[in-house]
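Report on the structure given below.
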Amino acid sequence: MPRVPRILHEQRIDSPAAVTGRSAEFHLANDDFFHVLEGEVEFVIGGKANGQVREGSNPADPTLISSAIAGGETHLLKEGDAIHIPAGVWHQWGTTGPVRMMVFKIPAAEGKVAHQP
C-alpha cells in the first residue's frame, strides 16, 4: 500500500513562541513534513528527550512528548523552505515572529514503526 501523505492543517502563528516554549515530539508511526509559507521557524531535530516523557493523546498519531531536547541540531527555515522529519526522531520548533506553514503527516511504511527511545 502506498504511503499517502495527508495535510494535517495549515498552521498560522501570530504570537512568537520560542523553541523552549513548545513541547518536543517523537512520532512512532508518522513522518512530519513542514513547509514554511511565511515567516521563519527554528527547528531542533534529533538528540534525546531532556525532561519527563509522556504519551500524546491522539491515537491516530502515537507520539511521545517531552519539554525539551538535548543534543539536537538547530535549523532555521525561512519562507519557501521545507523539512522532513522521519518517525522516530525527536523534534521541536519555535518562532520569533508571525509564521504560516503547512503541516503534512506521512504514515510510516508498513512494518517501519519507530520504537520508543
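Please treat every number below as a calculation from the coordinates, not as lab data. No experiment lies behind these values; they were computed from the predicted model shown. In this analysis, Cβ positions are derived from the backbone assuming ideal geometry, glycine residues included, and neighbour counts consider all displayed protein chains.
Quick rundown of the values:
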{"read-out": "Mean separation of Cα contacts under 8 Å (6+ apart) over length of the stretch 6-107, as relative contact order %", "value": "50 percent"}
{"read-out": "Length released on extending from residue 75 to residue 103, taking residue separation times 0.36 nm less the Cα-Cα span", "value": "8.4 nm"}
{"read-out": "Backbone HN-Hα couplings from phi across the stretch 89-98 [Karplus 6.51/-1.76/1.60, Hz, Gly and Pro as x]", "value": "10, 5, 8, 8, 9, x, 10, 10, x, x"}
{"read-out": "Pairs of Cα atoms farther than 24 Å apart, the stretch 6-107, %", "value": "16 percent"}
{"read-out": "Summed residue charge, Cβ within 13 Å of residue 41's Cβ, Lys/Arg positive, Asp/Glu negative", "value": "-2"}
